[in-house]
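Notes follow the structure.
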Amino acid sequence: MSGSPLAAGAASRELAIVLRHQDRGEEAQALMESAAARVEVTGLRTDAASSAYAQMLCTLAYTAARGGRRAEALAMAEEARRAARRLPLQAPAGRLFPISPAAVDLYAVGIHWALGDAGAALESGRNLRPEYFPTAERKARLGTDMARAWWAWGRPEQTARALLDAHRASPGEVRDRPAIRSIVTELAQRHPRAVGVRELHAAVSAPAS
């Protein structure tokens, strides 16, 4: 029974993500808040419980940010950071919520970007490195999330560099996401001579192998 709040939380998070993609943000928020509360009352005495709580708060914070609820999003992002601060840099194999302090900081990048604060997004991600993340998808997400912030900040060369890093880690994260692909197109149209832009455009335009 001790693991049941974590298993229920995992199921609730998956459903909440589906609801958010269906623009049912309020339902997603209520579902995740209930799940997070059930984990919190366990006392967060284990890393497994702390990681579950931090992950749920990150999901809640991003959902709130996408809904424009700034104060709520920032408060939950900070609570997630506190919950994750004692977690190992790499989650052990098999953990239900394999989150780390670096993963929480990466969520913060997306949260600040969703709130329209590119400067805060860049600050949240300034110390993150691809080697902090165990999967190609997460390494690439670091690149694309930082690229969105750099692009909003008006820095084409940094944007191109971040997207090249993302493409090297997982080409599909750049090639197959319309919002990211559009940044590549705009870079090529508006800043064709910026360092890295030509290389990036050629890499993304090449046929998939």
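The values are calculated or read from the model by the stated rules, or taken from the named source; none is laboratory data. All of these numbers come straight from a predicted model, not from anything done at the bench. In this analysis, Cβ positions are derived from the backbone assuming ideal geometry, glycine residues included, and neighbour counts consider all displayed protein chains. Surface areas here come from the heavy atoms of the whole protein model, side chains and all, with no ligands, DNA or RNA. Shrake-Rupley method; radii C 1.70, N 1.55, O 1.52, S 1.80 Å.
Here are the numbers for this structure:
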quantity	calculated
Helices (runs of 4 or more DSSP H) completely within the stretch 23-135 that count 2 or more residues being at negative phi and in contact with a Lys or Arg (Cβ under 6 Å, 6 or more places away or on another chain)	47-66, 101-114
Hits in the stretch 188-209 (condition: of a type in the set (A, V, I, L, M), open to solvent by 50 Å² or more (accessible area, probe 1.4 Å) and touching a residue at least 24 places away in the same chain (Cβ under 8 Å))	V195, A208
Where a residue in the stretch 108-132 is within 19 Å of P98 (Cβ to Cβ) and its partner, wherever it lies, is of a type in the set (K, R), with Cβ under 7 Å and at least six apart	P130/K139
Pairs, first free of Cβ contacts under 8 Å to residues at least 40 places away in the same chain and under 16 Å from T63 (Cβ atoms) in the stretch 74-91, second assigned to a helix (DSSP H, G or I) and open to solvent by 30 Å² or more (accessible area, probe 1.4 Å), C-beta under 8 Å, six or more apart	A77/Y107; A80/Y107
Candidate set from the stretch 123-137 (those that are under 17 Å from R148 (Cα atoms) and not hydrophobic (A, V, I, L, M, F, W, C)); member that is most open to solvent (accessible area, probe 1.4 Å)	R126
Residue pairs meeting the criteria (Cβ under 6 Å; at least 6 apart or on separate chains; first part of a helix (DSSP H, G or I) and hydroxyl-bearing (S, T, Y), in the stretch 7-22; second modelled with pLDDT of 85 or more and open to solvent by 40 Å² or more (accessible area, probe 1.4 Å))	S12/L31
Subset tally (residues that are in a helix (DSSP H, G or I) and crowded, with 19+ Cβ neighbours inside 10 Å) for the stretch 166-187	9
First in the stretch 156-168 and among the hydroxyl-bearing types (S, T, Y), second anywhere and open to solvent by 30 Å² or more (accessible area, probe 1.4 Å), Cβ under 6 Å, 6 or more apart	T159/W150; T159/W151
Residue, modelled with the highest pLDDT, within the stretch 1-41, restricted to residues that are among the polar types (S, T, N, Q) and open to solvent by less than 40 Å² (accessible area, probe 1.4 Å)	S12
Positions within the stretch 91-111 being surrounded by 14 or more Cβ atoms within 10 Å (Cβ to Cβ) and either touching a strand residue (DSSP E or B) at 6+ places or on another chain (Cβ under 7 Å) or not hydrophobic (A, V, I, L, M, F, W, C) (or both), in sequence order	R95, P98, S100, P101, D105, Y107, G110
Conditions (1) farther than 26 Å from Q158 by Cα; (2) in contact with a Phe, Trp or Tyr (Cβ under 7 Å, 6 or more places away or on another chain); (3) open to solvent by less than 30 Å² (accessible area, probe 1.4 Å): number failed by L44	(3)
Only one of A147, A114, A118, A152 that is open to solvent by 60 Å² or more (accessible area, probe 1.4 Å) and under 28 Å from A188 (Cα atoms)	A152
